[in-house]
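The values are calculated or read from the model by the stated rules, or taken from the named source; none is laboratory data. Nothing here was measured: the structure is a model prediction, and the numbers come from that model. Using ideal geometry, Cβ is built from the backbone for each residue, glycine included, and neighbour counts are taken over all protein chains shown. These accessible areas exclude ligands, DNA and RNA; they are computed on the full protein's heavy atoms, side chains included. Shrake-Rupley method; radii C 1.70, N 1.55, O 1.52, S 1.80 Å.
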Amino acid sequence: MGGPMRFNSKANLDSSRTRDVGGGGRTGGGSIGLPHVAGGGGVVGVIIAIIYVIIQMQGGGSGGGGLGQAINGSAFTTNSVGLSGSSGSTFDYGTCETGEDANRSDECALVAVENSLTDYWSKQPQVSGHFQPEQAIDVFHGSVQTNGCGNATTDVGPFYCSDDQTIYLDTAFYDTIFKQLGGDATPFVRAYVIAHEYGHHIQDLLGTMGKVRTQQGPDSDSVRLELQADCYAGMWAAAATTVPDSDGNVLIEDLTQQDINHAIGAAKEVGDDYIQQRMGGRVNPEQWTHGSSAEREHWFQTGMNAHDDIKACDTFSARKLG
Ligand SMILES: [Zn+2]
């Protein structure tokens, strides 16, 4: 809404994989723990995994220690309006039918971006043989009980769960934590966030997640996995205005340099060093899980310059990540 990114008003949308699952059934109980990569499964790809830890250290949380409490009791948790998805706050994504709808509503823009990502990756030569779309994008409010990765709240940011192949997103994240970091959630910034999570789905399809052995540190596999997801997001961003949908229509018809710049800015704003600084902490690379601002920008741009060659995004073989 209101952004320069424009969708082809005549294009048809497929809303079958995007759904509003409402507010979480329960907010207490077990947490998902550290949302890093755990072997071949579990929760991966929280775009800003360390934020809630730092917020907790800053006293923004409800006190006490432990990640569980940070997740369940942070001041940044949005109020869930109603329970179990039965409240009036849920959005019917089935009403998103055309690009015109996507131009008018942020919710339908999410559907359009998902469609464009699916169109792009299903035809990507190095992926198409393995391709299947993600199970769903589950939009939740406040908290969610995932099918494969336990409970989560808004605080953890958008994430991908490989055990149920679903992207989880509370759009309130953009107005709370992302804003805290100085981010401006323009429509294409939101698209970048989804493209990053979709990148984790592609990694899941390609078996890349099994490569992850080390979870923290500047050269860790976790950082390499995250930077690769940024690179994949860049690949899609470069192609977004040319990918045809199943009807032969290009879904995203207008994307400005400013859109791209905002997405690059967002990649920086979720850099581990930036977040550590912004939250008043010491920059400690040993705690990095996602990579520095410079690295995230570098790999997003590497993806944009990859000319659809996924090998350009081989962060696992890269000697230098920045
Ligand atoms: Zn990620």
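Structure above, values below:
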{"item": "Accessible area per residue in Å² at 1.4 Å probe, computed on region 129-239", "result": "25"}
{"item": "Charge tally in the Cβ shell below 14 Å around Cys313, where Lys, Arg are +1 and Asp, Glu are -1, Cys313 excluded", "result": "-2"}
{"item": "DSSP-defined antiparallel bridges as percent of all bridges, region 134-192, nearest 5", "result": "65"}
{"item": "Reach of Lys10 by Cα under 26 Å, taken over lysines that are not fewer than 8 positions away in the same chain", "result": "Lys123"}
{"item": "Residues whose placed amide H lies under 5 Å from that of Ile252, excluding near-sequence neighbours", "result": "Asn8"}
{"item": "Note, ³J(HN,Hα) from phi for region 100-110, Karplus 6.51, -1.76, 1.60, rounded to Hz, x at Gly and Pro", "result": "4, 4, 5, 5, 8, 9, 4, 5, 6, 5, 4"}
{"item": "Of all accessible heavy-atom area on region 169-322, the percent that carbon and sulfur account for (1.4 Å)", "result": "43"}
{"item": "Candidate lysines - alpha carbon under 19 Å from Lys179, same-chain residues fewer than 8 apart omitted", "result": "Lys268"}
{"item": "Karplus-derived 3J(HN,Hα), 6.51/-1.76/1.60, for each residue of region 171-187, Hz, glycine and proline x", "result": "5, 5, 3, 5, 8, 10, 5, 4, 5, 4, 8, x, x, 10, 7, 5, x"}
{"item": "Where chymotrypsin sites (Phe, Trp or Tyr not before Pro) fall in DSSP loop in region 99-149, at most 16 other Cβ within 10 Å", "result": "Phe131"}
{"item": "Whole-number percent relative contact order across region 218-322, with pairs defined as alpha carbons under 8 Å at least 6 apart", "result": "43"}
{"item": "Rough spin-label spacing in nm, given labels placed 7 Å along Cα→Cβ, for Thr256 and Lys320", "result": "3.5"}
{"item": "Under the Debye formula (equal points on every Cα, no solvent term), log10 I(q)/I(0) of region 152-270 at q = 0.14, 0.18 Å⁻¹", "result": "-0.66, -1.07"}
{"item": "Two-site label geometry, Glu100 and Ser122: point separation in nm, points 7 Å out along Cα→Cβ", "result": "2.4"}
